[in-house]
Amino acid sequence: MPDTIRVLYVDDEPTLLEIGKIFLEKSGDFSVTIIDSASDALALLKTEQFDAIISDYQMPDMDGLEFLKLVRLNHGKIPFILFTGRGREEVVILALNNGADYYLQKGGNPQAQFAELSHKTRTAVERRITDRAFKESEEKFRVLADTSPVGIAVLQGDRDVYINDYAAQMSGYSKEELCAMNFWDMIHPDFQDMIKERGLARQRGEVVATRYEIKYLTKSHESRWAYLSSGSIIYDGKPAIVVTLVDTTEQKRAEEELQASYEQMAAAEGELQAQLSELTENQQQIQKSEQDYRNILENIQDVYYRSDAEGNLVLASPSLAKLLGYSIVSDLYGKSIAETLYYNPEEREKVLSDIQKNGAVTNYEVTFKKQDGTPVIVSTSSHKYFDSDGNYLGIEGIFRDITAQKRAEESLKKSEDLYRTIFEMTGAATIIIEKDTTISLANSGFAKISGFSIKLTFLTPQ
């Protein structure tokens, strides 16, 4: 899944558009572009890419069904959710027959309705990504080297038929002991039902998460955390499941220690978001409650900032000084954000360019520098702000320190890259054969002995 799902939301009701945008973006998983006609949406799709489309059915210039047909004709299988009025069952049938992923009827409790819309959108995007990954055949490996730095097991039924050395090391059991025992004896009881449920759902052809965090048990009965990834393969001519485990126990312990401070930060951020919304809607009202606003700034864990039209810092919460190692935040006032905060000033220009283009950026990763020159990675959500007469005043938004999170992601990425390297560098000719006998993946060792180019896929053995 992308960090942020880009959604194009089309409806001729401005109020519903605004409510939908606010609700969907509240979780931080979505970036929503709203537009009030299908014709304008088609024009926008020629220049911008989106992960999913949500469309009303009854619109004046072009209805949602016509819009769907043109999207499928010109933009392929981008996830499409039709938002219909009640009593339009015939429209729903036509929409599904023309390639709509889901439909949702308007009406009822708005919170429940938009929660369901959020769920259907996320599910449609996940299914699209999973389908693409399946076609590229990246999930299947027939042979994995035993030197892999992650735990790997191949299961047929409830038994392990292959265990690598690292999995044995993680568990404390020998490979022979693991292959002789039931796979579920290694999984913590709290997670057994969830894993079995997802396994059955996958067998039924349903789209489920392919990676999630679980607890497992070692031979000494210690509970440890790990990321579990699984996929279906053919092993020794029989259907099997390949499972990879990346131990995250130390990372999990660190997260638990920080959980209390994260909760305080989330509460303060909620208050700040309310203040920012009022600032956009009524600048004069915000000025009257400036003292309350500054009280929030004094206590917020994330960083709230504001720059003037020339790019100089004019306001920030004290947490900015703490983030960058300054004694007081006022030491930074009047200084250029690009030169003082950014590790590479050019990166600030790119952020400004995206804000000028889209009006705002959400969860945008940039690199800052502390007072001592040390880099720190932050996520920024920023937008333009204006006075009550509509005059542009500068940029305001939030910075969040995500350095620790990025380091953890980089560590996992290195592990995943190593899997692919192992497949190529195993030293043996290795291929993956699908059920219909086509070869979906081969390494250079196979190319060398067969004479085929490894760029050729979907070969049928003679």
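Computed from the coordinates by the stated procedures, all read-outs in this text should not be read as laboratory data. Bear in mind that the values here come from a model prediction, so they are computed numbers and not experimental data. So basically every Cβ, Gly included, is an ideal-geometry build from the backbone, and we count neighbours across all protein chains shown.
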Listed residues A226, A153, T33: farthest to the positive end of the dipole of the chain (Cβ charges): A153
Pairs beyond 28 Å (Cα-Cα), from K238/K413; K370/K406; K26/K406; K215/K322: K238/K413; K215/K322
Gyration tensor verdict on region 5-135 (Cα atoms; rounded if a/c is under 1.5, prolate if a/b is larger than b/c, oblate otherwise): rounded
Mean separation of Cα contacts under 8 Å, 6 or more apart, over the residue count of region 298-371: relative contact order %: 25
Using a Förster distance of 30 Å, the FRET efficiency for K406-N295 (Cβ separation, nearest 0.05): 0.45
DSSP-defined antiparallel bridges as percent of all bridges, the chain, nearest 5: 75
Magnitude of the charge dipole, region 137-247, Cβ model with Lys/Arg +1 and Asp/Glu -1, debye to 20: 260
Under 9 Å, Cβ to Cβ, from D51 - net charge with Lys/Arg +1 and Asp/Glu -1: +2
Mean residue ellipticity (222 nm) of the chain, computed from DSSP H runs ≥ 4 via -39,500 (n - 2.57), nearest 500: -13500 deg cm²/dmol
Estimated FRET transfer efficiency (D165, V208; beta-carbon r; R0 30 Å; 0.05): 0.55
Environment charge at F183 (Cβ cut-off 10 Å; Lys +1, Arg +1, Asp -1, Glu -1): -2
For the chain: relative contact order, % (alpha-carbon pairs under 8 angstrom, 6 or more apart): 8
Size of electric dipole in the chain: Cβ of Lys, Arg +1 and of Asp, Glu -1, about Cα centre, debye, nearest 20: 1540
Cα→Cβ-extended label distance, 7 Å offset, between S415 and S388, nm: 5.6
Relative contact order, percent, region 1-76 [alpha-carbon distance under 8 Å, six or more residues apart]: 36
Over 30 Å [Cα-Cα, the chain], rounded percent: 59
Cα convex hull volume per residue for region 252-406 (Å³): 116
Residue exposure sequence - D387, D160, D247 - by fewest surrounding Cβ within 10 Å: D387, D247, D160
Charge sum, other residues only, whose C-beta stays under 11 Å from V361's C-beta, Lys/Arg counted +1 and Asp/Glu -1: +1
Contour minus Cα-Cα distance for Y343 and V314 (0.36 nm per residue): 8.5 nm
Contour excess over end-to-end distance, with Cα ends at E48 and E18 and 0.36 nm allotted per residue: 8.8 nm
Dipole of the chain [Lys/Arg +1, Asp/Glu -1 at C-beta], most positive-end residue of V378, I337, I81: I81
Cα gyration tensor shape for region 137-247, rounded if a/c is under 1.5, else prolate or oblate: oblate
Additional length obtainable on full extension of the chain from E89 to A266, 0.36 nm per residue less Cα span: 59.6 nm
